[in-house]
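Beneath this line is the structure, given in C-alpha cells, with notes to follow.
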Amino acid sequence: MGLFGREGKGAPFDWIVVGLGNPGDKYAKTRHNVGEEVIRLLADRRNATLKGGRDNALVAETRFDGPDGDERVALAFPITYMNESGRAVGAMVRRYRIESPEQIIVVQDELDLPPGDLRVKAGGGLAGHNGLRSITNHVKSQDYLRVRIGVGKPDSKHVGKVHVLAPFPKRQRELIDVVIADAADAVEMIIAEGVDAAMQRYNTKK
C-alpha cells in the first residue's frame, strides 16, 4: 500500500493536484514549469492563494465541483527542484490522508508530445521524466493520474536540459497559453466526471 491508507489528522481530502516545475523566478514560464502555470490558473479561478510553510510546496486548499457535490482539493506546486518533487507529494499524501494514487493528479511537461498537444493518462511509465520518477519513488506507485502538456523534443539529446529550462519562443507562447487553460479544464473534468471522460475528451485527435 505504500503511504496510502495511513492514519492522519483531520478530514481526508478528495484530491491532490500537483503541478511540476522548478522554484524561482528564473524558471517561471519555461517548458519545465507548465505544470506550475496550470496550478496557478486553477487557484486564480477559485480566488485561492498558494501559500508556503509545509511539505516543501506552495499549497492552496479549495473545493471543486464533483459528482456528489463539493470535492476537497489541495492544489500544490512543489518548491523542491523537479527531481525531488516526490518529497512534497509524499508528505501531502500523508497530511491530506489520500487513500489511493488515483486521487493524485500530476500536471507535467511532456517531451514526447508536440508543443500545444494535451493528453490525459491514468498510470503508466515515466518516459524518463525526473519529476514523475521522484513521485513514484516516494508514493510507491505509478497509478496516479497525469495531465501531459506537450513541449516538443529538442533537436539533439545533448541539449535536452537546456530545452526544458528555456522559455517558449514567442511564436509558441500564445499556443501554450491556450493549452494551459485546456489543461486546467482537464483537471476540473477529471474531478467532476472522472478520468475516463477526460481521456475521451482530450485524447481524441482534433
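The values are calculated or read from the model by the stated rules, or taken from the named source; none is laboratory data. Just so it is clear, the model here is predicted, and its values are computed rather than measured. Every residue, glycine among them, receives a Cβ derived from its backbone with ideal geometry; neighbour counts consider all protein chains shown. We work out accessible area using only protein heavy atoms, side chains counted, and drop any ligands, DNA or RNA first. Shrake-Rupley method; radii C 1.70, N 1.55, O 1.52, S 1.80 Å.
Could you tell me whether region 58-75 includes any residue that is under 19 Å from Asn130 (Cα atoms), modelled with pLDDT of 95 or more and not polar (S, T, N, Q)? For region 58-75, residues under 19 Å from Asn130 (Cα atoms), modelled with pLDDT of 95 or more and not polar (S, T, N, Q): absent. One residue is enough: does region 65-88 have a residue meeting the conditions without any contact (Cβ under 8 Å) to a residue 40 or more places away in the chain and touching a helix residue (DSSP H, G or I) at 6+ places or on another chain (Cβ under 8 Å)? No, there is no match, as no residue in region 65-88 is without any contact (Cβ under 8 Å) to a residue 40 or more places away in the chain and touching a helix residue (DSSP H, G or I) at 6+ places or on another chain (Cβ under 8 Å). Evaluation of Arg97 against the conditions (1) crowded, with 23+ Cβ neighbours inside 10 Å; (2) within 22 Å of Arg72 (Cβ to Cβ); (3) touching an Asp or Glu at 6+ places or on another chain (Cβ under 9 Å) shows that the sole unmet condition is (1). Of all residues in region 105-151, those satisfying the criterion of being of a type in the set (Ser, Thr, Tyr) and either under 14 Å from Val164 (Cα atoms) or touching a helix residue (DSSP H, G or I) at 6+ places or on another chain (Cβ under 6 Å) (or both) are Ser134, Ser141, Tyr144. Residue check: Gln108 meets all listed conditions (1) in a strand (DSSP E or B); (2) among the polar types (S, T, N, Q); (3) out of contact with any Lys or Arg (no Cβ under 9 Å at 6 or more places or on another chain) but one, namely (3).
Taking the criterion of being in contact (Cβ under 8 Å) with a residue 24 or more places away in the chain and either among the polar types (S, T, N, Q) or closer than 19 Å to Ile190 by Cα (or both), the residues of region 117-131 that qualify are Asp117, Leu118, Arg119, Val120, Lys121, Ala122, Asn130. Has region 30-52 got any residue that is closer than 16 Å to Asn130 by Cβ, open to solvent by less than 50 Å² (accessible area, probe 1.4 Å), basic (Lys, Arg) and more than 12 Å from the chain's Cα centre (by Cα)? Scanning region 30-52, I find at least one residue that is closer than 16 Å to Asn130 by Cβ, open to solvent by less than 50 Å² (accessible area, probe 1.4 Å), basic (Lys, Arg) and more than 12 Å from the chain's Cα centre (by Cα), so the answer is yes. For Leu126, the conditions (1) open to solvent by 60 Å² or more (accessible area, probe 1.4 Å); (2) part of a loop (DSSP other than H, G, I, E, B); (3) at pLDDT below 95; (4) not small (Gly, Ala, Ser) are fulfilled apart from (1).
For region 53-82, a residue qualifies if it is farther than 16 Å from Val187 by Cβ and open to solvent by 90 Å² or more (accessible area, probe 1.4 Å), and the qualifying residues are Arg54, Asp68, Tyr81. Kindly list the number of the only condition in (1) in contact (Cβ under 8 Å) with a residue 12 or more places away in the chain; (2) open to solvent by less than 60 Å² (accessible area, probe 1.4 Å); (3) in a helix (DSSP H, G or I) that fails for Arg148. Failed condition: (3). Only a single item in (1) open to solvent by 10 Å² or more (accessible area, probe 1.4 Å); (2) outside any helix (DSSP H, G or I); (3) in contact (Cβ under 8 Å) with a residue 40 or more places away in the chain is not met by Pro114, and it is number (3).
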